[in-house]
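Report on the structure given below.
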Amino acid sequence: MFQYDKGIKINGTDLWLDAQKSVGLCCVSHSHMDHAVKHTKSLATDKTIRFLNQRIGKSKSTCLTFKKPYEIDGCTITLFPAGHILGSAQVFVEKDGQTLLYSGDFNLDESATAEPIEIPESDILIMECTFGKPVYRFPKRKIVADQLISFVNNTFKQNAVPVVSGYALGKAQEAMKILGDAGFELSVHGSVAVLAKIYEEFGINFGIWSKFNKAELDGKVLVVPPSAIKNRMVKNIPNRRTVFLTGWAVHAGTKYRRGVDEALPFSDHADFDGLIEYAKRVNPKKIFTTHGFEEFPHYLRQLGFDAEPLKKIKQLSLF
Ligand SMILES: [Zn+2]
């Protein structure tokens, strides 16, 4: 039903899913840079296309609506929300009586800014497994959000500036939403701000925030991408406490490696239990894993699934 070579190509069509090279026709799951390539024509949600236009420039595109089937080139594709970042989608393909679900990046836990995940059943599943080892079990998001708010309150009590670091698209805006809803005023790094404005276009409200200005930091929480932590912008703030939001925070050494005061296990990917639950809910006959640990299929096979890592393969048909 498909071939895999720097992207998933649906056999008998010109359609690619998340091709990592420029192709004629590609359905793009979401707008993180490892999935963002300029194609002749892209299919994606309206939000993903808006982010892609901002990040890599405009190209020909068609906006797809969640859960509305779209006929193209002899197959039908339907996008389902993936719960990863705003506009992120799983791609469900029906062709010649077979079904294939490509997960993209996904998260089962509830997010303050992404659409809640909805999971269809499928014959074939291609799934990400970023956190596909049992050590990666995260607390519920609400608990981590409360820890973030406590970090900010404690930092203000020490008369210091709280600096919150998360990836510029998705994580940073979710931190902004949680902190804005908690009543904090925010000062935001330019790379986060430009994407936050797009979130606002789609109705996400962050409360009171402004682009970073070092003269106006008093009483505000500074939100930055990870790269800014070691830059002058942050280092010139004399009295600061930094926190990094990442699933890798389950490893005790993360804060030392990242040069921050705290690291919280705040992820926009499913943890190990979430990956397993996802596979169970899709209930596939065959699973291919990608974007993660090669041993994750071993855990799926222990549960009775037919699972293997996705490798460069010429053609795959189940039946
Ligand atoms: Zn992603």
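The values are calculated or read from the model by the stated rules, or taken from the named source; none is laboratory data. Everything numeric in this text was worked out from a predicted model, so none of it was measured. Reconstructed Cβ throughout: ideal geometry from the backbone, glycine too, with neighbour counts over all protein chains shown. Surface areas here come from the heavy atoms of the whole protein model, side chains and all, with no ligands, DNA or RNA. Shrake-Rupley method; radii C 1.70, N 1.55, O 1.52, S 1.80 Å.
Of note:
A quick yes/no check of all residues on (1) within 16 Å of the ligand (Cβ to nearest atom); (2) on the phi < 0 side of the Ramachandran plot; (3) not in a loop (DSSP other than H, G, I, E, B):
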residue: L100; (1), (2), (3): no, yes, yes
residue: G104; (1), (2), (3): yes, no, no
residue: D109; (1), (2), (3): yes, yes, no
residue: P120; (1), (2), (3): no, yes, no
residue: V152; (1), (2), (3): no, yes, yes
residue: T155; (1), (2), (3): no, yes, yes
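- Residue within the range 67-79 that is within 16 Å of the ligand (Cβ to nearest atom) and buried (at least 16 other Cβ atoms within 10 Å of the Cβ) present: yes
- Enumeration of residues in the range 193-231 that are open to solvent by 20 Å² or more (accessible area, probe 1.4 Å), touching a Ser or Thr at 6+ places or on another chain (Cβ under 8 Å) and in a helix (DSSP H, G or I): E216, P226
- Output for the range 91-114, where each listed residue is touching a helix residue (DSSP H, G or I) at 6+ places or on another chain (Cβ under 9 Å) and within 19 Å of K68 (Cα to Cα): L101, S103, G104, A114
- Restricting the range 259-269 to residues that are in contact with a helix residue (DSSP H, G or I) (Cβ under 9 Å, 6 or more places away or on another chain) and open to solvent by less than 60 Å² (accessible area, probe 1.4 Å), the residue that is farthest from the ligand (Cβ to nearest atom): V260
- Options A82, A89; residue that is within 16 Å of the ligand (Cβ to nearest atom), buried (at least 24 other Cβ atoms within 10 Å of the Cβ) and closer than 26 Å to V164 by Cα: A82
- Selection count, the range 96-117, where residues are over 14 Å from I85 (Cα atoms) and exposed (fewer than 14 other Cβ atoms within 10 Å of the Cβ): 2
- Scan of the range 27-41 for residues that are away from the ligand (no atom under 16 Å from the Cβ) and buried (at least 19 other Cβ atoms within 10 Å of the Cβ), ordered by number: H39
- Applying the criterion of being of a type in the set (D, E, K, R) and over 20 Å from K286 (Cβ atoms) to the residues of the range 1-26, the residue that is most open to solvent (accessible area, probe 1.4 Å) is K6.
- Residues being out of contact with any helix residue (DSSP H, G or I) (no Cβ under 9 Å at 6 or more places or on another chain), under 30 Å from A112 (Cβ atoms) and at pLDDT 95 or above - total across the range 285-319: 0
- Candidates are the residues of the range 232-249 that are farther than 19 Å from I178 by Cβ and in contact (Cβ under 8 Å) with a residue 24 or more places away in the chain; the one that is surrounded by the fewest Cβ atoms within 10 Å (Cβ to Cβ) is N239.
- Filter pass, Q173 being at negative phi and open to solvent by less than 10 Å² (accessible area, probe 1.4 Å): yes
- Strands (runs of 3 or more DSSP E) lying entirely in the range 1-76 (those with 1 or more residues that are out of contact with any Phe, Trp or Tyr (no Cβ under 9 Å at 6 or more places or on another chain)): 2-4, 15-17, 41-44, 60-63, 70-72
- Looking only at residues of the range 50-64 that are open to solvent by less than 70 Å² (accessible area, probe 1.4 Å) and within 16 Å of the ligand (Cβ to nearest atom), we find that the one that is modelled with the lowest pLDDT is I56.
- Y256 meets the conditions (1) farther than 25 Å from G190 by Cα; (2) crowded, with 18+ Cβ neighbours inside 10 Å in every case but one. The failed one is (2).
- Leading residue by the ranking (nearest to the ligand (Cβ to nearest atom)) among those in the range 1-26 that are farther than 21 Å from K68 by Cβ, touching a strand residue (DSSP E or B) at 6+ places or on another chain (Cβ under 7 Å) and of a type in the set (S, T, N, Q): Q3
- Filtered residues of the range 123-162 (kept if closer than 16 Å to A182 by Cα and open to solvent by less than 10 Å² (accessible area, probe 1.4 Å)): V144, L148, V152, T155, P162
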